[in-house]
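So the structure is just underneath, and the comments pick up after that.
The values are calculated or read from the model by the stated rules, or taken from the named source; none is laboratory data. As the structure is a computational prediction, the values presented were derived from the model and not from experiment. When we count neighbours, we look across all protein chains shown, and the Cβ atoms used for this are built from the backbone with ideal geometry, even at glycine.
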Amino acid sequence: MIAERHVNLALVLGLIVVPSWALAADEPFTITLATRAVILALAAVGLNIALGIGGLVSLGHAAFFGIGGYVMGILAYHAQTFTPLDLGAFSIAGTKAMPVIWLAAIVLSAFVAAVIGALSLRTSGVYFIMITLAFGQMFYYFAVSWRSYGGADGMSIYVRNSFPGLDTLVPIQFFALCLVLLGLVLYLNARLVRSRFGLALDAARQVPLRVRTVGLDPLRLKLAAFVLSGAVTGLAGALYADLNRFVSPAMFSWQFSGEIMVLVILGGTGRLFGPVLGAVVFVALEHFLGGLTDFWQIYLGIILLLIVLFARGGIIGLLCGKRGLHD
Amino acid sequence: MQAGAGPGVFRGPPRLQRDRTARHMSAILIVEQILNGLQFGVMLFLMAAGLTLIFGVMGLINLAHGSLYMIGAFVAAAVAGATGSFLLAMICALVAAAVAGAIVEIVVIRRLYAAEHLDQVLATFALILIFSEGTRWVFGSFPMYLEIPDYLSGAVTLPGGIQYPLYRVMLIGAGLAVGLGLWALIEHTRIGIRIRAGENDREMVAALGVDISRLYTLVFALGAALAGLSGAMVGAIQSVQVGMGEPVLILAFVVIVIGGIGSIRGALVGALLVGLTDTLGGVFLPELFKLFMAPAAATSVGSALASMSIYIVMSLVLIWRPTGLFGGRA
Amino acid sequence: MTEPVLETRNLSKRFGALTASDDISIDLRAGEIHAVIGPNGAGKTTLIHQICGELRPDAGEIRLLGQDVTRLGTAARARAGLGRTFQVSALAMEDTVLQNAVLGALGASGRPWGFWRPVLNDRALRTRAQEALHRVGLDEMMAAPCAALSHGQRRQLEVAVALTLQPRAFIMDEPMAGLGTEGSKRLTGLLDGLRAQAPILLVEHDMDAVFALADRISVLVYGRVIATGRVDEIRANPEVRQAYLGEDA
């Protein structure tokens, strides 16, 4: 058995060394792949807050990913066409500034998560899974029919958004920016797990009755987790849209919700670095298997099936044995 | 992570006569759309009935139910293409989906009954990947088509002089007949008694000497057969392609959330509600908004709202009754 | 007479044809241990569920410190002063003993919305948790994962978590269940000392413990309280002997 922190350390080193090598060897595509892995990891870290700690099996997290993406798309679209964004009572100018876009993505996805969470948490178990899935679809179809912003075709943003002091069009700079954000969120996540809220939420997943018996409301704890979770996944969506310079309803698709969940489970549910490992492995599989066969998802399906049936703790569980998020 | 935009679910309306625009929104149009909604709802019911039965008896949430629908459609298209017989195509689709369901149950699903919902979701998600890619591998990425046979094409004249496609009338009739058969099976046969008993107390049923694992395989295959039949029948009015199952699956989820998980009656009521809401909303909401908005904006807002309408209905039902209209347990 | 700490008035609950609580009026006074006994199926668990807020009674009233709490949820009743232990341990098995106790202290503080500072470094919460663990004799086990505890130790931890709440009344659902003679004796000693802190409503099957601890006993049969009184009164009550011992003996 390997200590979990060694796996984490190797992962962090890998995320620094591989792109550095790619930079030296002039392999920008590898850097783009690594950026993709980091952004997907961020989305999965978001889901892990709800799923891993809070035990909320949300199959609708693509909603937040898509909202983040569309916030970026819409703000940048209005900036690149020099048209104001009409919000009914007032209108605002578009923007190409990443910090502003991120903030908007976080706030809006948190708000939507609060609404979806409040409705969905009225139920539990299978109902919760199906309802989150259905809400995700609602956004999907809404995006498809929203012609002002590309409808089913999506829309392109011609120039990557800007960050003060960086040239975000240089792949390694954008990668570094995403990696720093991921690191920051992981740090906050690690603090959260050990905090008052983290302890209460973790208990609310394990024994909600106990949590009520000490005078706390497990539903409010779970709702808060859902909101935080949605906000992080929303931020990832904004970055993802910036990586591709393109947003489309596919970001809202239920397959994507399923895939974020796969990332979490592949790495190890409830582990701090589980989603990161899951995303790295997923992108690597996609790249290498995808290069060998057009039907690589068959193999992904088989791997996933084997993990669910025989290796409940995901890859980190296989490497390090059983243990939860905190020890 | 390229997610295929779901192909249009079998929501109806290729309207019969294009010149009937909203400005002459006649009683005929309304009846026609209600029939479309009914047809849509009946097909949804076949999907939802299998899902809700499998959940009710085995406690399993099965995302791969849409794959069985897809298998039905592909087998039907292939058999009809090879033999020219529509009826044979339907029978083969039903049998193929049932067999595929039984195999999947024996190889994978039965290991999941005791597992957490999360594991069930992931394992059946993995099955979707395997089925979808496998189908693409065997049949290619191009859509296939299933022709409506001559004896079912054309229109019938309904009372009041409304022309409506015969095939869709057949779909409504066949769907209702299957629903009735299902009800009779569950209420009036020995297998039905065991299924109902299995819903209530599986240890007891096992203790009474019923082979529970065979019963489960049977129920799963039955649900699969319903999905396959539904896919095959709908295959004749839309293209048969990979990924066609999942949009239907998700709507079927909405149906059983509304109806109450485990309740066949709830599945029927929910399916008709969703079918009618979706079809009528898509046609009439834009018209409604035209009453007080500019036409272009009304179409845009109306169709956006229509695409969300069933989810809004679902939310309202949930606020009112968190376990669905006919559901007992969460 | 001063007002009881906890009181049920004419509590009734039916499940279909079964009357699980039939017009139950009992009270818990300051400084006492009030045991509720009765054969299996007498409705003891249903009574606890109603008192703690997991079940809503069909009729009747539950009062805590003079306040009507019938309509409050479980969490609100806990905040109002109920400290409960469970028959089947409801502990966070993946967490350590200390974390479980800190959860209780956190609940009592009413402020779970901290996202930054490590909860185990919070001196006030930690002290409160440690005191409770010390009280039940689990000092040595603080760092152990809860899943590694013996059955008896889990019972002790249940009591410790309730202690961190510093409740106004304890509700204990068969705390002795599954304990050996030794464990039972130790827990009896512990509960004996607790009554001064807050009165205990004790539902228990272990008659040795009940007769050793209880100041008063209520006997529940088929959802009805057939007798309430001091230990010697209950022992002598012919109705109790018939209904209760008659079934047991």
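A few points about this structure:
- Looking across the stretch A:61-91, the residues that are touching a Leu at 6+ places or on another chain (Cβ under 9 Å) and without any contact (Cβ under 8 Å) to a residue 12 or more places away in the chain come down to A:Leu85, A:Ser91.
- Selection status of A:Leu228, away from chain C (no Cβ under 14 Å), on the phi < 0 side of the Ramachandran plot and in a helix (DSSP H, G or I): no
- One residue alone among C:Ala101, C:Ala42, C:Ala75 is closer than 14 Å to C:Ala162 by Cβ and either modelled with pLDDT of 95 or more or in the same structural domain as C:Arg241 (by TED's automatic domain parsing) (or both), and that residue is C:Ala101.
- Some residue of the stretch A:303-313 being among the aromatic types (Phe, Trp, Tyr) and either under 21 Å from the mean Cα position of the chain (by Cα) or under 26 Å from A:Leu192 (Cβ atoms) (or both): no
- Odd one out for A:Phe175, checked against (1) in contact (Cβ under 8 Å) with a residue 60 or more places away in the chain; (2) crowded, with 24+ Cβ neighbours inside 10 Å; (3) within 9 Å of another protein chain (Cβ to nearest Cβ); (4) not acidic (Asp, Glu): (3)
- Elements of type helices (runs of 4 or more DSSP H) contained in the stretch B:200-286, each with 1 or more residues being of a type in the set (Phe, Trp, Tyr) and at pLDDT 90 or above: B:212-235, B:245-259
- Any hit, the stretch A:281-292, residues being closer than 30 Å to A:Leu103 by Cα, at pLDDT below 90 and not charged (D, E, K, R): no
- Inclusion of A:Arg271 among residues that are surrounded by fewer than 24 Cβ atoms within 10 Å (Cβ to Cβ) and away from every other protein chain (no Cβ under 12 Å) is not warranted.
- Per the conditions (1) over 28 Å from A:Leu133 (Cα atoms); (2) crowded, with 16+ Cβ neighbours inside 10 Å; (3) free of Cβ contacts under 8 Å to residues at least 24 places away in the same chain, the sole criterion not satisfied by B:Tyr164 is (3).
- Of all residues in the stretch A:280-297, none are at the interface with chain B (Cβ under 7 Å from one of its Cβ atoms) and either at positive phi or of a type in the set (A, V, I, L, M) (or both).
- Residue in the stretch B:34-53 that is modelled with pLDDT under 90, touching a strand residue (DSSP E or B) at 6+ places or on another chain (Cβ under 7 Å) and under 25 Å from B:Val240 (Cα atoms) present: no
- Residue that is surrounded by the fewest Cβ atoms within 10 Å (Cβ to Cβ) [pool: residues in the stretch A:143-172 that are part of a helix (DSSP H, G or I) and either touching a residue at least 12 places away in the same chain (Cβ under 8 Å) or more than 8 Å from chain B (Cβ to nearest Cβ) (or both)]: A:Asp153
- In the stretch C:78-88, the qualifying residues are those that are assigned to a loop (DSSP other than H, G, I, E, B) and not hydrophobic (A, V, I, L, M, F, W, C), and the one that is surrounded by the most Cβ atoms within 10 Å (Cβ to Cβ) is C:Gly81.
The rows are residues; the columns are (1) buried (at least 24 other Cβ atoms within 10 Å of the Cβ); (2) assigned to a helix (DSSP H, G or I); (3) of a type in the set (D, E, K, R); (4) touching a residue at least 60 places away in the same chain (Cβ under 8 Å).
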site: A:Ala203; (1), (2), (3), (4): yes, yes, no, no
site: A:Arg210; (1), (2), (3), (4): yes, yes, yes, no
site: A:Gly237; (1), (2), (3), (4): yes, yes, no, yes
site: A:Asp242; (1), (2), (3), (4): yes, yes, yes, yes
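- Inter-residue pairs, beta-carbon under 7 Å, first at positive phi and in the stretch C:1-13, second part of a loop (DSSP other than H, G, I, E, B), 6+ apart: C:Asn10/C:Ser25
- Looking only at residues of the stretch B:176-194 that are within 16 Å of the chain's Cα centre (by Cα) and surrounded by 14 or more Cβ atoms within 10 Å (Cβ to Cβ), we find that the one that is farthest from B:Leu35 (Cα to Cα) is B:Leu182.
- Residue list for the stretch C:97-117, restricted to those being more than 8 Å from chain A (Cβ to nearest Cβ), surrounded by fewer than 23 Cβ atoms within 10 Å (Cβ to Cβ) and more than 17 Å from A:Ala204 (Cβ to Cβ): C:Leu98
- Screening C:Leu91, C:Leu120 for residues that are touching a residue at least 12 places away in the same chain (Cβ under 8 Å), part of a helix (DSSP H, G or I) and at the interface with chain A (Cβ under 8 Å from one of its Cβ atoms) leaves exactly one candidate, C:Leu120.
- A:Tyr77 meets each of the listed conditions (1) under 19 Å from A:Thr233 (Cα atoms); (2) assigned to a helix (DSSP H, G or I) apart from (1).
- Any hit, the stretch A:30-45, residues being out of contact with any His (no Cβ under 6 Å at 6 or more places or on another chain), touching a residue at least 60 places away in the same chain (Cβ under 8 Å) and on the phi > 0 side of the Ramachandran plot: no
- Total residues in the stretch A:253-268 satisfying the condition of being under 30 Å from A:Ser145 (Cβ atoms) and either more than 9 Å from chain B (Cβ to nearest Cβ) or assigned to a helix (DSSP H, G or I) (or both): the figure is 10.
- Filter result for C:Ala243 (part of a loop (DSSP other than H, G, I, E, B) and modelled with pLDDT under 90): no
- With respect to the conditions (1) within 14 Å of chain A (Cβ to nearest Cβ); (2) over 30 Å from A:Ser58 (Cβ atoms); (3) surrounded by fewer than 16 Cβ atoms within 10 Å (Cβ to Cβ), B:Glu116 lacks only one, and its number is (2).
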